[in-house]
Protein chains: 2
Amino acid sequence: MKFTILHSDVQTRARTGRLHTDHGEIDTPVFMPVGTAGTVKAVHQRELADDLNALIILGNTYHLYLRPGIDIISKAGGLHRFMNWNRPILTDSGGYQVYSLSGIRKLSPEGALFSSHIDGSKHLFTPEKIVDIQRAIGADIIMALDECTPYPCDHKNAKKSLELTHQWLKRGFDHFIHTEPLYQHGQSFFPIVQGSIYKDLREESAAEIAGYPADGYAIGGLSVGEPEETMYEMTGAVTEILPVDKPRYLMGVGTPVNLLESISLGVDMFDCVMPTRNGRNGMLFTRNGIMNMRNNKWKDDFSALDPEGASFVDHQYSKAYLRHLVISKEILGAQIASLHNLSFYLWLMEEARRQIKSGTFSQWKSKMSKQLSARL
Amino acid sequence: MKFTILHSDVQTRARTGRLHTDHGEIDTPVFMPVGTAGTVKAVHQRELADDLNALIILGNTYHLYLRPGIDIISKAGGLHRFMNWNRPILTDSGGYQVYSLSGIRKLSPEGALFSSHIDGSKHLFTPEKIVDIQRAIGADIIMALDECTPYPCDHKNAKKSLELTHQWLKRGFDHFIHTEPLYQHGQSFFPIVQGSIYKDLREESAAEIAGYPADGYAIGGLSVGEPEETMYEMTGAVTEILPVDKPRYLMGVGTPVNLLESISLGVDMFDCVMPTRNGRNGMLFTRNGIMNMRNNKWKDDFSALDPEGASFVDHQYSKAYLRHLVISKEILGAQIASLHNLSFYLWLMEEARRQIKSGTFSQWKSKMSKQLSARL
């Protein structure tokens with residue numbers, strides 16, 4: 001997988017780039033809509049491609065492994081075919097979900113033993129097995145098995161956890177280079193930096209994973225409850241060390257402002273459930289701030305949902321109508337809010353790329369950061 | 001509202017026609033997707049128009065009255081504007097929901113007193129108020145307040161109930177002709193035949209309502225638990241009496257076979273929650289029979305959802321993929337199944353019109369009735 005840097009900002013460490021995959025090109029900075037179980041919730045595949053122009057989506061290995069199961073996805077010829085999505089896919093390693101969703105789990109040098117949140121059945125993820133599973137899913141970009149440290153976590157435990165993550169990385173990378181893709185397209189393997197909120201550990205981890213000749217590098221274990229300033233500090237410390245000519249992926253982040261700040265620290269790729277999950281709960285992100293659609297103030301506001309929005313839903317539906325759907329728990333409410341929010345996130349990335357290109361990113365970021373956090 | 005009969009079948013009482021409303025023409029026989037609370041569940045308005053080519057949809061007065069409320073819909077300029085749907089709408093009178101959904105209700109000559117299923121608040125529907133509400137909603141076709149008799153119901157109570165329905169009809173019709181539409185389009189008022197499963201009462205009711213110079217007539221209180229043969233017998237008895245040159249609407253019916261049988265009895269209009277509700281539960285109607293998507297047999301069937309289907313979902317998604325979504329309770333599963341089923345129902349009506357026109361309806365109906373009930 002080739003990565004070309006197109007423009008580098010002078011005032012910040014932001015940059016635009018292009019990732020070349022066998023399923024097409026990805027302009028960075030990029031936001032990847034989360035398609036947990038092989039579906040971006042409440043959004044049709046044709047809407048993802050034609051209305052949103054999503055350049056890449058994310059799938060969750062943990063969820064796909066449990067349901068529909070790797071046997072089914074393999075038989076289908078991989079996730080692209082199973083869900084009928086012909087653009088790039090990235091899958092995470094399942095590490096985060098093992099810690100956040102599953103029942104009893106036991107970590108050992110061997111791997112992570114856990115109970116399914118669906119039926120309680122026991123499973124073991126090893127660094128090698130996670131590569132095999134992602135080979136079978138067939139994502140264009142696959143991730144190493146890591147331990148996502150909870151927050152807070154003391155230095156001693158964070159260091160111990162980090163060592164496990166590094167051991168697993170060694171085994172996972174080794175297995176990756178000794179196995180082949182199962183389908184007609186290439187796959188890239190990204191190691192993951194951990195280290196909790198400790199700069200020394202983050203730097204150690206970044207240096208360690210930078211030693212692997214990977215196509216890109218991920219930053220994990222952030223946005224798990226720590227203050228935003230800490231997240232930025234850790235991200236900045238890591239991007240200082242990671243190879244400048246490779247894409248950096250900040251996992252599970254974040255709000256629109258988080259994205260802009262992280263871009264200025266040199267991050268290229270993002271994913272987050274926020275646009276879809278918060279959308280389903282009636283929260284809309286716009287370039288002028290956040291709208292809680294449950295708020296009484298929208299009940300007779302018949303103006304377009306978002307007159308400046310890029311999606312058809314912004315112009316075909318009104319604020320009052322969406323409020324009614326959200327209050328009434330109508331499925332169409334989830335559909336509209338998800339499309340709106342994803343459209344907004346993707347627009348924000350497109351605009352960031354434009355601003356970086358024209359050398360105005362820093363000023364634009366300052367202006368936007370104020371607007372984006374407003375409560376409408 | 002003008003109704004033109006285009007073709008009459010020779011072997012049955014089926015006919016094709018065209019209803020002319022201020023929001024466009026409706027070819028009959030027609031199926032009206034149910035948009036309970038101002039949304040056909042899980043379907044975007046542009047999908048209704050562009051993908052399904054729904055010619056008219058239905059809204060539920062009871063639901064819309066409670067939420068968002070008539071004040072909001074009035075301020076929006078009516079339901080068409082509120083939900084951004086520019087084709088015809090029919091609203092029911094709320095009678096059925098008062099009996100099936102609401103809590104404590106008390107019927108009196110004055111009207112129906114009931115408790116909201118949402119917050120328990122008390123409300124009174126009178127025949128006049130139901131007209132006013134539907135004037136405010138602004139549907140192209142509006143319905144009289146009726147009492148929908150439960151099943152079973154003895155002859156004495158059915159007769160008593162019928163008398164109440166007829167009294168209410170008189171007041172409702174009177175109020176209708178002494179009020180004006182609130183928006184820039186006309187409205188038609190349909191009386192409703194009741195009479196439970198008693199032919200004498202059905203005939204009495206049909207004769208009574210046929211006395212009103214209405215644009216169309218509805219048949220209510222069927223498909224509430226009685227045997228199918230009884231439903232057909234009642235429907236046939238009523239259509240014998242109703243004016244032949246006016247559209248007949250069989251409320252809340254039914255399965256694909258129910259529709260074909262009722263068309264052969266001279267019914268022109270249908271609505272039913274079955275395609276959307278059963279779809280959300282994973283049941284698909286196809287021209288070759290019924291598919292339960294939860295069935296294990298679909299888990300690795302990667303063929304197109306319905307190779308003969310008319311909707312994009314039939315070709316963009318596989319059986320195995322939809323099964324996965326249904327099992328995983330993913331919203332997209334509800335979206336796909338709803339679009340498929342509605343598309344199938346609308347195709348069935350389109351095909352029925354074609355068969356009536358070409359004089360082959362009866363044979364086609366026999367063949368289809370066998371296929372449609374098969375379990376795939």
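The values are calculated or read from the model by the stated rules, or taken from the named source; none is laboratory data. Keep in mind that what you see is a predicted model, and the values were worked out from it rather than measured. Ideal geometry is used to build each Cβ from the backbone, glycine not excepted, and the neighbour counts take in all protein chains shown. Surface accessibility is based on the protein's heavy atoms, side chains included, excluding ligands, DNA and RNA. Shrake-Rupley method; radii C 1.70, N 1.55, O 1.52, S 1.80 Å.
Number of residues in segment A:174-212 that are of a type outside the set (Gly, Ala, Ser) and farther than 28 Å from A:TYR232 by Cβ equals 13. Being surrounded by fewer than 21 Cβ atoms within 10 Å (Cβ to Cβ), away from every other protein chain (no Cβ under 14 Å) and not in a strand (DSSP E or B) is a property that B:VAL238 lacks. Based on what the data block shows, is A:TYR345 of a type outside the set (Val, Ile, Thr) and either under 16 Å from B:GLN45 (Cβ atoms) or at the interface with another protein chain (Cβ under 9 Å from one of its Cβ atoms) (or both)? No; evaluated as a whole, the condition is false for this residue.
Is it the case, given these coordinates, that B:ILE336 is modelled with pLDDT of 95 or more and surrounded by fewer than 21 Cβ atoms within 10 Å (Cβ to Cβ)? So B:ILE336 does not fit the description; no.
For the structure I just gave you, tell me whether A:ALA237 is among the aliphatic types (A, V, I, L, M), over 16 Å from the mean Cα position of the chain (by Cα) and more than 20 Å from A:SER362 (Cα to Cα). The answer is no for A:ALA237. The single condition among (1) among the small types (Gly, Ala, Ser); (2) surrounded by fewer than 22 Cβ atoms within 10 Å (Cβ to Cβ); (3) touching a residue at least 24 places away in the same chain (Cβ under 8 Å) that A:ALA304 does not satisfy is (3). Do we have any residue at all in segment B:111-128 that's out of contact with any Lys or Arg (no Cβ under 9 Å at 6 or more places or on another chain), within 16 Å of B:LYS170 (Cα to Cα) and among the charged types (D, E, K, R)? No, there is no match, as no residue in segment B:111-128 is out of contact with any Lys or Arg (no Cβ under 9 Å at 6 or more places or on another chain), within 16 Å of B:LYS170 (Cα to Cα) and among the charged types (D, E, K, R). Looking only at segment B:274-294, residues that are open to solvent by 20 Å² or more (accessible area, probe 1.4 Å) and within 14 Å of chain A (Cβ to nearest Cβ) come to 4 in all.
For segment A:347-376, residues that are β-branched (Val, Ile, Thr) and either open to solvent by less than 10 Å² (accessible area, probe 1.4 Å) or assigned to a helix (DSSP H, G or I) (or both) total 1.
For beta carbons closer than 7 Å, sequence separation of 6+ or different chains, a first residue in segment A:187-199 that is open to solvent by 10 Å² or more (accessible area, probe 1.4 Å) and a second that is among the small types (Gly, Ala, Ser), the qualifying pairs are A:GLN187/A:ALA139; A:TYR198/A:ALA158; A:LYS199/A:ALA237.
Out of B:SER318, B:SER303, B:SER338, one residue alone is within 13 Å of another protein chain (Cβ to nearest Cβ) and closer than 24 Å to B:ALA54 by Cβ. It is B:SER338. Just wondering, is there one or more residues in segment B:125-138 that are polar (S, T, N, Q) and over 19 Å from B:TYR65 (Cα atoms)? No, that holds for no residue.
Determine if segment B:288-309 includes at least one residue that is farther than 27 Å from A:ILE72 by Cα, over 14 Å from the mean Cα position of the chain (by Cα) and at pLDDT 95 or above. Within segment B:288-309, none of the residues are farther than 27 Å from A:ILE72 by Cα, over 14 Å from the mean Cα position of the chain (by Cα) and at pLDDT 95 or above. Only residues that are part of a loop (DSSP other than H, G, I, E, B), touching a residue at least 40 places away in the same chain (Cβ under 8 Å) and open to solvent by less than 10 Å² (accessible area, probe 1.4 Å) were counted across segment A:252-261, and they come to 0.
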